[in-house]
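See structure below.
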Amino acid sequence: MSAKSPETRRARFPFDAIVLDDNGSEPITDQLEQQIKAAILERRLKPGDRLPSTRQLSSDLTVARNTLKNAYSQLIAEGYLIAAAGSGTRVADEIPDRVLQPFTPRRKHKSASSPTKVSSAAKRIQSFQPWIETNTNRPVRPFLPHTPSNADFPSEVWAKLTARRLRQSAGGLLDRGDPRGFRPLREAIADYLGSARGMSCHADQVFITAGAQQGIDLLTKLLVDPGDRVCMEDPCYMPAKFVFELANAKVVTVPVDDQGISVKRLYEKAPSAKLAYVTPSSQFPTTATMQLSRRLSLIEWARDSGAMIIEDDYNGEFRFRGRPLPALYGIVPETQCVIYMGSFSKLLFPSLRIGYLVVPDDLIDPLASSRWLIDRHSPLLEQAVLTDFVDEGHFARHVRRMRIIYAERQTTLVQAATDHLSDVLEVSPADGGLHLVGRLNTRVREKELMRAAMAARVELTPMSQFCVRETDTNGVILGFAPFSNTQIRRAAKQLAAACKGMQSQLDRQMP
């Protein structure tokens with residue numbers, strides 16, 4: 001017998017064990033809401049579990065059916081439950097409290113036995129657990145950000161290249177690899193960067209990593225001592241900030257404007273920093289593009305302060321207006337003060353955990369030693385297939401094709417927001433990237449918008465998640481890359497309807 005899908009799974013929660021106090025101070029409806037909500041938040045009722053019909057549960061609990069209907073309706077309005085024609089009422093796929101307060105660590109039940117003694121670093125790592133929960137196995141629905149379009153990836157080509165590699169060179173790919181990475185792939189990346197990003201580098205400087213996050217971790221281990229100042233944009237890519245903090249660095253956040261990080265504030269706040277982490281091609285998450293004059297000023301600051309710059313070019317290929325701008329590394333490579341970082345996860349598909357660094361010559365050996373100590377090397381088969389994908393022109397063709405598709409989807413999102421969401425937020429186009437920022441109207445509260453999005457089954461990410469000093473919190477991130485034009489328009493309409501419904505409810509509640 002096949003397992004039932006989440007859409008039809010019966011809840012194992014014992015609803016007939018709900019205890020209601022007829023003589024209590026709280027109405028029966030409120031008691032029902034609180035107990036069902038508690039069961040959902042405590043995971044005794046899981047996402048997708050179907051609840052009993054109001055007719056059945058009213059009989060089991062000996063309460064009026066209208067009382068049950070009122071309780072269900074309120075939980076549906078708050079986003080805890082979903083009512084769908086033909087499938088009854090079930091628990092929502094995501095829990096509102098987790099969306100609205102994603103960074104509050106859950107309290108653990110105290111064990112009767114002595115707790116395992118962990119390091120101070122482990123305790124800090126545990127505080128990041130909510131980030132893992134909210135960024136793992138999330139349903140890919142509009143407007144989930146930071147995700148490329150898997151449906152448009154040429155999977156058949158990738159499968160053929162993989163099969164060919166297994167037939168032709170399986171033996172060599174089963175042996176140990178170089179911690180610096182598969183040499184032919186490093187050569188292919190160096191050639192590509194020279195033609196596409198204006199960078200003059202050789203294969204020995206290219207270092208393959210298990211994604212950008214490992215690259216950040218490796219560089220932190222090599223370059224940062226406790227107490228060193230590390231500069232970051234604000235708002236910023238928080239997982240990088242976590243890595244720097246685990247190394248006991250003093251993280252200095254610098255506000256961004258419409259061209260990225262403010263170099264003037266860098267001079268004021270960190271005249272002698274050890275490191276600066278920036279996203280100049282498409283500032284994360286504001287999408288601002290750093291122009292040439294600002295790039296030159298940033299390099300001058302690095303020279304004056306003696307700092308290294310980590311240039312995270314996570315999606316610089318997806319620029320919709322003109323050619324991609326030259327990388328910081330490519331402007332003045334002789335300075336050796338810039339480390340370039342790229343990743344294929346957002347260019348091709350998320351599970352391809354292959355990224356790369358382009359480093360100064362004097363970092364090659366220590367970086368290789370550090371990688372060897374951590375996990376030896378990345379899987380050779382995927383590196384070899386990716387090499388063929390690049391060398392045979394599939395990568396360049398895919399990027400060109402996706403640049404056109406993503407530009408069209410961005411235009412669709414801007415128009416859909418203008419048509420349906422202008423009362424709630426303003427969405428402006430960006431020069432490139434896989435997401436846009438929607439600026440909330442002054443009378444719209446983030447919390448209420450997130451509740452409406454949950455009710456509409458639409459994914460929104462608050463800008464506040466990526467702000468350190470709340471410099472740019474009045475907005476939400478809307479991804480568009482993996483969604484068709486039809487999906488984008490439909491989601492905008494659903495969100496608009498949910499916002500209007502919630503506003504009507506609030507108006508009714510006002511005295």
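The values are calculated or read from the model by the stated rules, or taken from the named source; none is laboratory data. All figures in this text were calculated on a predicted structure; none of them were measured in a lab. Here Cβ is always computed from backbone atoms with ideal geometry, including for glycine, and neighbour counts include all displayed protein chains.
What to note about this one:
- Complete set of residues in region 15-55 that are surrounded by 14 or more Cβ atoms within 10 Å (Cβ to Cβ) and hydrophobic (A, V, I, L, M, F, W, C): Phe15, Ile18, Leu20, Ile28, Leu32, Ile36, Ala39, Ile40, Leu41, Leu45, Leu51
- Among the residues making up region 89-116, those that are modelled with pLDDT of 60 or more and either charged (D, E, K, R) or surrounded by fewer than 16 Cβ atoms within 10 Å (Cβ to Cβ) (or both) are Arg90, Asp93, Glu94, Ser114, Pro115, Thr116.
- Conditions (1) surrounded by 21 or more Cβ atoms within 10 Å (Cβ to Cβ); (2) under 23 Å from Gly177 (Cβ atoms); (3) out of contact with any Phe, Trp or Tyr (no Cβ under 8 Å at 6 or more places or on another chain): number failed by Arg295: (2)
- From Ala212, Ala196, Ala240, residue being more than 20 Å from the chain's Cα centre (by Cα) and small (Gly, Ala, Ser): Ala196
- Flag for Thr418 being outside the structural domain of Tyr192 (by TED's automatic domain parsing) and over 23 Å from the mean Cα position of the chain (by Cα): yes
- Selection of region 73-92 for residues being farther than 13 Å from Leu45 by Cα and outside any strand (DSSP E or B) yields Ser73, Gln74, Leu75, Ile76, Ala77, Glu78, Gly79, Ala85, Gly86, Ser87.
- Conditions (1) surrounded by 14 or more Cβ atoms within 10 Å (Cβ to Cβ); (2) at pLDDT 90 or above: number failed by Glu156: (1)
- Residue list for region 442-468, filter: within 29 Å of Gln291 (Cβ to Cβ) and assigned to a loop (DSSP other than H, G, I, E, B): Cys467, Val468
- Subset of region 229-277 [of a type in the set (Val, Ile, Thr) and within 23 Å of His146 (Cβ to Cβ)]: Val230, Val243, Val251, Thr253, Val254, Val256, Ile261
- Of all residues making up region 292-325, the number that are touching a residue at least 40 places away in the same chain (Cβ under 8 Å) and either part of a helix (DSSP H, G or I) or in contact with a helix residue (DSSP H, G or I) (Cβ under 8 Å, 6 or more places away or on another chain) (or both): 11
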